[in-house]
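Here's the structure, in structure tokens; my notes come after.
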Ligand code: NAD
């Protein structure tokens, strides 16, 4: 008999650092979703619900794991007593949307406070109302403008990134990819600050609407990474910068809201070698998380200073990146891991 262990599969290896991953299927509607709790060393897990048409279960799993991990690093860098989690719903034509969100809401309820959820790409206020009808651990409209808070943090991070790169954001051209819940308020803040805007969105009408209001130039969605600008601000989906795109990106800095914007570590190394500072996404886009944690765990709205601190953290990370000649996302990840390691050591029972 063959005594060797079975060859490792993608899923089991990738799950090794997760506390809990729940696969969900509603037998009546066929709706499918995954909820992942990555790490609760610092506090209960926080993460929004993404609804997207995935190629299949493997793609959805890969996405939810990467997003949940990024939430853990985000919480650690934002200095909030929370950990990382995420939920994804597999979208498809004819999906019973309410059933899908009820499915996730019930799973969040069963986790009993170990996971708090809220908005992400594809999830509207109406969807969140469905989730909130099943669990109290869901951020809704009543919590305040989470997208606006994320935009506040990204704006602070962008000012710090521009200063680090040696230019004034008020005189800069910023290309915002995706003008949704975060991209739009970010454009408003940039416009008020004096920056010139270039916007793009797969929803062309939305881009045109924002452009008309904020005197921006619209470019087609497939030109987002080829149009010259001072700051490239990805506020749509992740993975938009791989090595090939990074090598040619005609921007002096990168700072946006999209999670996991670097497709791989090599893309980060290319931009670092080219002298293009990248504000680590899990540091820059923490504003909504900070807002959600303040309301959910402490029952209060966050002070504005908390978003300004995101800019200070980005400035410190970029300075260390330059001093050590290491890409900024590597520096930030080291700090996040160290904070979790120290917290785990502090709370370990003494012999
Ligand atoms: P959203 O769904 O409200 O907006 C996304 C926008 O991007 C939409 O207008 C959509 O049409 C557009 N879009 C999608 N794919 C595109 C593409 N390939 N090219 C151009 N445009 C595209 O989402 P959001 O809440 O604004 O979040 C945007 C990003 O920021 C996501 O990656 C999300 O995970 C991240 N993020 C959001 C928050 C938050 O508070 N909402 C917090 C942290 C991170």
Subset of region 119-131 (residues that are surrounded by 15 or more Cβ atoms within 10 Å (Cβ to Cβ), on the phi < 0 side of the Ramachandran plot and modelled with pLDDT under 95): 119, 120, 121, 123
Residue match in region 255-262 (condition: assigned to a loop (DSSP other than H, G, I, E, B) and out of contact with any helix residue (DSSP H, G or I) (no Cβ under 7 Å at 6 or more places or on another chain)): no
Subset of region 259-275 [in contact with a strand residue (DSSP E or B) (Cβ under 8 Å, 6 or more places away or on another chain) and either over 18 Å from residue 162 (Cα atoms) or free of Cβ contacts under 8 Å to residues at least 60 places away in the same chain (or both)]: 261, 262, 263, 267, 271, 272
Filtered residues of region 10-39 (kept if at pLDDT below 95 and exposed (fewer than 10 other Cβ atoms within 10 Å of the Cβ)): 12, 13, 16
Sole exception among (1) farther than 25 Å from residue 45 by Cβ; (2) within 15 Å of the ligand (Cβ to nearest atom); (3) assigned to a loop (DSSP other than H, G, I, E, B) for residue 167, by number: (2)
Filter result for residue 80 (crowded, with 17+ Cβ neighbours inside 10 Å and either out of contact with any helix residue (DSSP H, G or I) (no Cβ under 8 Å at 6 or more places or on another chain) or over 22 Å from residue 333 (Cβ atoms) (or both)): no
Members of region 287-328 that are under 15 Å from residue 276 (Cα atoms) and in contact with a strand residue (DSSP E or B) (Cβ under 8 Å, 6 or more places away or on another chain): 327, 328
Filtered residue count, region 84-118, keeping only those that are outside any helix (DSSP H, G or I) and either on the phi > 0 side of the Ramachandran plot or within 16 Å of the ligand (Cβ to nearest atom) (or both): 13
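The values are calculated or read from the model by the stated rules, or taken from the named source; none is laboratory data. No experiment lies behind these values; they were computed from the predicted model shown. Cβ atoms come from the backbone with ideal geometry, glycine included; neighbour counts cover every protein chain shown.
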